[in-house]
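S.K.: Let me begin by handing over the structure; questions about it come next.
The values are calculated or read from the model by the stated rules, or taken from the named source; none is laboratory data. Keep in mind that this is a model prediction, so the values were computed, not measured. Ideal geometry is used to build each Cβ from the backbone, glycine not excepted, and the neighbour counts take in all protein chains shown. Just the protein is used for accessible areas: all its heavy atoms, side chains included, with ligands, DNA and RNA removed. Shrake-Rupley method; radii C 1.70, N 1.55, O 1.52, S 1.80 Å.
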Amino acid sequence: MPVDPSIVGRSFPPTRPYAVTAEALRAFAAATGGAWTGGPAPATFPIVTAFEAMNAFLEAEQVALHRIVHGEQRFAYERPVVEGDELTATLTVTSLRQIGGNDIIGTTSEVTDATGALVCTTGATLVHRADGGGA
């Protein structure tokens, strides 16, 4: 079933706070083939909270994750993420196109710290695949 176009412009509630710990930074770096030995978080680390925001959006709109293909991801930083930060993400649907029965969904997530200051903005393009007749 196609995503309702009226969703464009809708923002979803912020994620629960996520504590950026040394353990979390090391685990993320290891999972992505790197190593974290201190300093700023790996550049793609905000995906942790952005992905939680995306999952909450998909659940709220009853969009099945197994029908999603991740098309693109962007990060724009105000400052680096560092150990000790507490991050939340608020997702907004910024665009929707329907092509060949598939929904191309553009989202932006604002990642903020415990003071509410913007740390990073992430942009994602999600392809919601058509049902395909029950296949």
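S.K.: Round to a whole number: what % of the accessible area of region 1-109 belongs to carbon and sulfur, probe 1.4 Å? Intermediate values should be presented prior to the final figure.
M.R.: On the way: 3410 of 6130 Å².
Ligands and nucleic acids excluded, carbon and sulfur give 56 percent.
S.K.: Accessible area per residue for the chain in Å², computed with a 1.4 Å probe and the full protein assembly in place, what is it? Before the final figure, lay out the partial values.
M.R.: Numbers: 7310 Å² over 135 residues.
For the chain, the solvent-accessible area averages 54 Å² per residue.
S.K.: Related question: Round to the nearest 10 and give me the degree value, 0 to 90, for the angle of helix 47-60's Cα axis relative to the longest principal axis of the chain.
M.R.: It works out to around 30 degrees.
S.K.: Given a cut-off of under 8 Å on Cα pairs at least six residues apart, what relative contact order in percent is computed for region 15-128?
M.R.: Values: 213 pairs, mean separation 34.4, N = 114.
Computed over region 15-128, the figure is 30 percent.
S.K.: Here's a follow-up. How far, in nm, would the chain grow between Tyr77 and Glu23 when pulled straight, counting 0.36 nm per residue and subtracting the alpha carbon separation? Spell out each step's value before the answer.
M.R.: Values: separation 54, 0.36 × 54 = 19.44 nm, distance 2.24 nm.
Taking Tyr77 through Glu23 to full extension adds about 17.2 nm, to one decimal.
S.K.: What's the FRET efficiency of Asp4 with Thr44 using the Cβ-Cβ distance as r and R₀ = 41 Å, to the nearest 0.05? Write down the numbers at each step before the final one.
M.R.: Numbers: r = 30 Å, r/R0 = 0.74.
My answer for the efficiency is 0.85.
S.K.: Now, a different point. Treating only the Cβ atoms of Lys and Arg (+1) and Asp and Glu (-1) as charged, compute the dipole magnitude of the chain about its Cα centre; round to the nearest 20 debye.
M.R.: Details: 8 positive and 14 negative charges, 59 e Å.
Roughly 280 debye, rounded to the nearest 20.
S.K.: Quick one: how many Å² of Asp85 are accessible to a 1.4 Å probe, rounded to 10?
M.R.: Asp85 exposes around 20 Å² with every protein chain in place.
S.K.: So what's the angle, to the nearest 10 degrees on a 0 to 90 scale, between helix 22-31 and the longest Cα principal axis of the chain?
M.R.: Here the helix axis deviates by roughly 50 degrees.
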